[in-house]
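Reviewing the structure listed below.
Just so you know, all these numbers are worked out from the coordinates, no wet-lab data involved. Fair warning: this is a prediction, and the values are worked out from it, not measured in the lab. Heads up, the Cβs are rebuilt from the backbone with ideal geometry, glycines too, and the neighbour counts pull from every protein chain shown.
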Amino acid sequence: MTNYVYSIETAFFVFPLIAFLFTLPYVIYNYHKYGAIMIFRTLIVYSFILYLMSVYFLVILPLPSFERVAKMTRSFVQLIPFQFVVDFFKESGFIWSQPGTYLKSLKDPSFYNVIFNLFMFVPFGIYLRYYFKCTFSKTLLYSFLLSLFFELTQLSGLYGIYPRPYRLFDVDDLIINTSGGIIGYLITSFLGFLPSREKLDKLSYQKGEQVTIYRRLVAFLIDWIIVSACNLMIRNILITGIIYFCVLSLLTKGRTIGKRIVQIRLVSKNEIAVKWYAYFIRYGFLYGIIMGTPFWIVTGFTKFYSSENFFILVLLLISSFVLICIYVKFFFEFLRALLFSKKLFFYETISGTKHISTVRKERL
């Protein structure tokens, strides 16, 4: 039992790293497909990942030393179906005619190992039917294949890392694990209080009609990764930015690569095509002034602070003050958008542009 607890604790310890690596692809996929991220769906998906990690660690942990494995001589394959029934009667001390042996036999490894292997796959069957909408035959097949993967992992000595298997490849485990998946499939019928997958999809599409600041931030991140990569060749961030954000948006009717991925598009206030100059106004304010404020201020003071020309110094101070005011205004608008879903920033009002969702609702 201690080994079980240790394996699950390890899964919970490693899970944050796996979740971190999985999050961005998950976010991009949901914004591309639904235009929104549902908290309940996220809980289901992440709990499924945690469950699979826990089961995997239960299969491979604890890891023995190489010296110990090299000295092993016992058989590493058990191919007799239902041998666990024979082992139970042989090892547990269970006797039909003696009720006093019942409780003791339940505490024997020949019993609780089998029950644990059975219940270990019950959640898998539930996930397959409830969220992934698998049929009975698919649940049977996938449960068997997952169990086979675990057994082959053990048979291969953890993919050849060990000189020989350190755990038994047992055909009974295939039978028991698969049965657990089927039990999970059957009991899912009693989980009617949970929202259906169809309802989750419908709610996601409805929520995806709104373009949230978080969705725009994902597009922003993708676009700037691409711009940074392109700038390695062009080596002029101003030219790269103009080509990517202005020229590309003009050619694609308001859809940069990042916007296309998260299914949003720039339009005018009356939701028609944006005039060409509006892109330059929008991105000039956003990237040239707002994001460029620290750069312009530092550059200006570095070049002209020691100047004896009073007019230049006054102009430098005034322009820096104006840039800081614009920067502060954007900061508070951004903060308000994060907290209260404010839709338009001042540079959008000036340029007459806004985002709309382009997600196409599938038949539900």
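Dipole of the chain (Lys/Arg Cβ +1, Asp/Glu Cβ -1, origin at the Cα centre): which of Ile356, Val85, Ala36 lies farthest to the positive side?
Looking along the dipole axis, the top candidate is Ile356.
Find the relative contact order for the chain and round it to a whole percent, using C-alpha pairs within less than 8 Å whose residues are 6+ positions apart.
Numbers: 395 pairs, mean separation 67.8, N = 364.
Reported relative contact order: 19 percent.
Alpha carbon centre of region 101-132 versus region 207-226: separation in Å?
First find each Cα centre; the distance between them is then 43 Å.
5 Å is the cut-off here: which amide hydrogens, built 1.01 Å from N in the peptide plane, fall below it relative to Ile264, excluding neighbours closer than 5 in sequence?
Placed amide hydrogens put Thr358 under 5 Å from Ile264.
For Gln78, list long-range residues whose amide hydrogen, built 1.01 Å from N in the peptide plane, is under 5 Å from its own amide hydrogen.
Residues meeting the amide H criterion: Phe169, Asp170, Val171.
Anything in the chain that counts as a DSSP H helix reaching 20 Å or more along its axis (C-alpha) with Kyte-Doolittle mean of at least -1.0? List them, would you? It would help to have the intermediate numbers written out before the result.
Working: long enough: 2-33 (43 Å, 0.78); 39-60 (32 Å, 2.06); 136-155 (28 Å, 1.09); 171-187 (25 Å, 1.16); 213-234 (30 Å, 1.55); 310-340 (44 Å, 2.35).
Long hydrophobic helices here: 2-33, 39-60, 136-155, 171-187, 213-234, 310-340.
Using the crude model of +1 on Lys and Arg Cβ and -1 on Asp and Glu Cβ, and no other charge, please compute the dipole size for the chain relative to its Cα centre, in debye to 20.
Values: 37 positive and 18 negative charges, 301 e Å.
So the dipole magnitude of the chain works out to roughly 1440 debye.
For Rg and Dmax of the Cα atoms in Å, which listed value, [x] 20.7, 65; [y] 19.6, 63; [z] 30.3, 108, comes from the coordinates shown?
Given [x] 20.7, 65; [y] 19.6, 63; [z] 30.3, 108, the calculated one carries the label [z].
Could you pull out the pairs from Lys202/Lys275; Lys33/Lys329; Lys33/Lys202; Lys207/Lys259 whose alpha carbons sit more than 23 Å apart here? Could the numbers behind the result be given before it?
Details: Lys202/Lys275 34 Å; Lys33/Lys329 33 Å; Lys33/Lys202 12 Å; Lys207/Lys259 17 Å.
Beyond 23 Å between Cα atoms: Lys202/Lys275; Lys33/Lys329.
Go through Leu315, Phe15, Gly125 and say which Cα lies farthest out towards the positive end of the charge dipole of the chain; charges sit on Cβ, +1 for Lys and Arg, -1 for Asp and Glu.
Selected residue: Leu315.
Could you name the lysines whose alpha carbon sits less than 21 Å from that of Lys104, not counting residues in the same chain fewer than 8 places away?
Counting by Cα, and skipping residues close in sequence, Lys104 has these lysines nearby: Lys90.
If packing is taken as the average number of other Cβ atoms within 10 Å across a peptide's residues, how do 170-182, 274-286 rank, most packed first?
Working: 170-182: 21.2, 274-286: 18.5.
Going from most to least packed, we get 170-182, 274-286.
Placing +1 at every Lys and Arg Cβ and -1 at every Asp and Glu Cβ, with all other atoms neutral, what dipole size does region 141-274 have around its Cα centre, in debye to the nearest 20?
Details: 15 positive and 9 negative charges, 194 e Å.
About 940 debye.
Can you tell me the relative contact order of region 141-284? Whole percent, Cα pairs under 8 Å, sequence separation 6 or more.
Details: 98 pairs, mean separation 21.5, N = 144.
Reported relative contact order: 15 percent.
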